[in-house]
Every structure is written in structure tokens, then in C-alpha cells.
1. Specify the residue that is farthest from LEU187 (Cα to Cα); the eligible residues are those in the stretch 219-258 that are charged (D, E, K, R) and over 26 Å from the mean Cα position of the chain (by Cα).
2. For the stretch 42-55, give me each residue that is surrounded by 23 or more Cβ atoms within 10 Å (Cβ to Cβ) and within 24 Å of the chain's Cα centre (by Cα).
3. How many residues, within the stretch 183-225, are of a type in the set (Gly, Ala, Ser) and touching a helix residue (DSSP H, G or I) at 6+ places or on another chain (Cβ under 6 Å)?
4. Identify all residues within the stretch 56-72 that are buried (at least 21 other Cβ atoms within 10 Å of the Cβ) and either part of a helix (DSSP H, G or I) or charged (D, E, K, R) (or both); write none if there are none.
5. Taking LYS216, is it closer than 25 Å to GLY148 by Cα and more than 25 Å from the chain's Cα centre (by Cα)?
6. Which residue out of ILE42, ILE11 is part of a loop (DSSP other than H, G, I, E, B) and at pLDDT 95 or above?
7. Kindly indicate whether any position in the stretch 197-205 is part of a loop (DSSP other than H, G, I, E, B) and within 23 Å of the chain's Cα centre (by Cα).
8. For LEU66, state whether it is touching a helix residue (DSSP H, G or I) at 6+ places or on another chain (Cβ under 9 Å) and at pLDDT below 95.
Amino acid sequence: MLLQKGIDPNITAQGNQTPLHVAAIYNRGALVDLLIEGGAKIDAVTTDLFTSLHVASDKGHIDVALKLLQHKANVNLKNKRSKTPLHLAAEMGNPAMVELLLNFKANPNATDKEKKSPLHFATLGGHFYAVKALLAKKSRVASKDMDGCTPMHYAAISGNMEVLKELLMAGDNKNINDKNIWRKTLLHLAAEHGHSNLIDFLLSNGSAINALDNNKDTPLHCACKAGHFDSVRALLNWSAGDKANLQATNSLKKTPLQVAESSVTEHQAQIVNLLKKKMLLIR
């Protein structure tokens with residue numbers, strides 16, 4: 001009715017929102033069709049450079065997103081933070097939206113201002129099915145963000161075994177010893193964040209047990225420093241390949257035992273005792 005009376009379909013409100021943005025926010029599919037047929041600019045952007053497709057992707061409004069895509073909305077436009085609609089769908093963990101955007105040729109390897117891909121965001125949120133959908137469309141599993149972290153680094157930090165397995169399998173385990181800008185491997189991160197359940201899994205798949213980070217800390221140093229008893233025990237009990245080097249010294253010339261002795265943590269005494277037993281310093 002308003003369009004018939006000559007109202008501009010591209011009139012803007014606060015933040016440069018157009019009626020099409022509002023229709024996307026409130027999931028009004030029929031209104032989307034009317035506005036576009038009435039001359040609404042499909043890729044109009046807000047002050048934050050959100051298109052209506054960004055909005056629909058962020059809100060999880062599949063029907064609206066489909067209509068916009070069928071009307072040839074640009075699927076790869078970036079907002080102010082250089083995120084595409086696919087970044088937002090992956091971040092929200094909506095596998096149906098992720099698949100829809102990918103089917104309309106969304107770039108699975110687009111990067112935002114921090115060089116993060118949609119796969120980084122799906123992993124950060126622990127969104128297993130979004131991760132699977134992205135990997136099925138050749139998302140690069142070893143893509144590094146500005147901190148040098150691959151999606152696998154974030155899975156190791158959060159302790160998400162299911163997602164980590166999926167990522168490593170997609171990369172044939174080739175990237176298991178990739179390092180971030182602090183030269184930390186997945187094993188360093190799993191150890192320092194206390195994810196002892198990941199340690200055997202990573203070691204079984206080829207993680208280097210004595211890898212050194214920027215501070216020349218091994219994963220064992222990291223577990224001792226953070227006070228994670230179960231992680232320390234898992235590293236010390238590993239016997240199927242190279243063993244944890246108990247004499248390794250970091251850049252401060254400290255062994256894991258010395259690091260444990262100088263760290264004030266809840267399990268400090270237990271960790272020190274365990275290390276001393278392994279080193280045969282006590283019975």
C-alpha cells in the first residue's frame with residue numbers, strides 16, 4: 001500500500017537501516033518480496049556495513065535469507081569488521097544457514113579483520129555441524145589468523161575433542177604440530193588449559209611431546225606452570241613414543257620441576273611430588 005503511494009522503499013532510519021533490513025530482522029519473508037519488487041536496493045548497507053543478508057544470517061532467518069539470495073543478494077559482501085554473512089552464520093552455529101550460503105557460492109575461506117575464517121568462528125563456538133558443513137565445502141583447515149592460530153588451536157584451547165578430531169581428519173593430521181605466533185602447538189595449548197583428555201589423543205596422532213614455544217617451554221612446562229595435575233600426569237605417563245623430557249630447561253633455565261615448585265597453584269604439591277617420583281628423587 002505504502003509502495004503504491006510512492007513511498008521510497010530505500011528510505012533510511014537510525015543506523016541507515018532500510019525497510020529491507022527491518023523485514024530481515026523480523027523475519028518477514030513476504031515483505032522482502034514486496035520491497036524488492038518495489039525497487040528496494042538488495043545490497044543496501046547500514047552504518048556498520050550490514051546488508052539485509054548479513055542480518056538474516058545473523059538472526060538465523062533461513063526463509064528471508066533464501067529469498068534475498070534468490071533475488072541475487074551479494075553473498076560475499078563484508079561488514080565493518082570484514083565479516084561476510086557466512087562468518088555470522090558460522091559464529092551463530094547454524095548449520096542450515098551455513099549450508100544455504102555455501103550453496104549460493106559463499107566463499108568458505110573469506111577472512112575478517114583478524115584474518116579469521118568462518119571455520120575459525122564455528123570452531124570457537126564449538127559448533128560441530130557448522131564445522132562439518134564448512135569442511136565439506138573445502139574450508140582450509142590450516143588457515144591462520146593474525147595470532148597464527150588455526151581452527152585446531154582454538155579446538156585445543158576449548159578442549160572440544162569432537163571438533164578437533166573432525167579438523168585433524170580433514171587435514172590428514174598434517175597440521176598437528178602447527179605453531180601460532182607464540183610458537184605454541186595444539187599440545188602446548190591442551191596442556192596449559194588443562195584438557196588432559198586431549199593429550200593422549202594428540203600424542204597418538206603425532207604431536208611432538210617436547211615441542212618448544214617462544215619461551216622454550218615444553219607442553220610439560222606449560223601444564224606445570226598452570227597447575228593442571230591431570231595434564232602433567234598424562235604427559236608423564238605417555239610411553240608409546242618419545243617421552244616427556246624432565247630435564248628440558250626453558251629460556252629462564254628452569255626444568256618442569258622448578259617451574260612447578262615456583263608456581264602457586266591448587267595442585268602444586270601433588271605435581272611436585274609426581275615429578276620427583278618420576279625423576280626418582282623420592283620414593
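The values are calculated or read from the model by the stated rules, or taken from the named source; none is laboratory data. Keep in mind the model is a prediction, meaning the values are calculated, not measured. So basically every Cβ, Gly included, is an ideal-geometry build from the backbone, and we count neighbours across all protein chains shown.
1. The selected residue is LYS253.
2. Residues satisfying the conditions are PHE50, THR51, LEU53, HIS54, VAL55.
3. The qualifying residues number 6.
4. Hits for the stretch 56-72 are ALA56, SER57, ASP58, VAL64, ALA65, LYS67, LEU68, LEU69.
5. Answer is yes for this residue.
6. On inspection, the qualifying residue turns out to be ILE42.
7. Checked the stretch 197-205: at least one residue is part of a loop (DSSP other than H, G, I, E, B) and within 23 Å of the chain's Cα centre (by Cα).
8. Details: touching a helix residue (DSSP H, G or I) at 6+ places or on another chain (Cβ under 9 Å): yes; at pLDDT below 95: no.
When the stated conditions are applied, LEU66 does not pass them.
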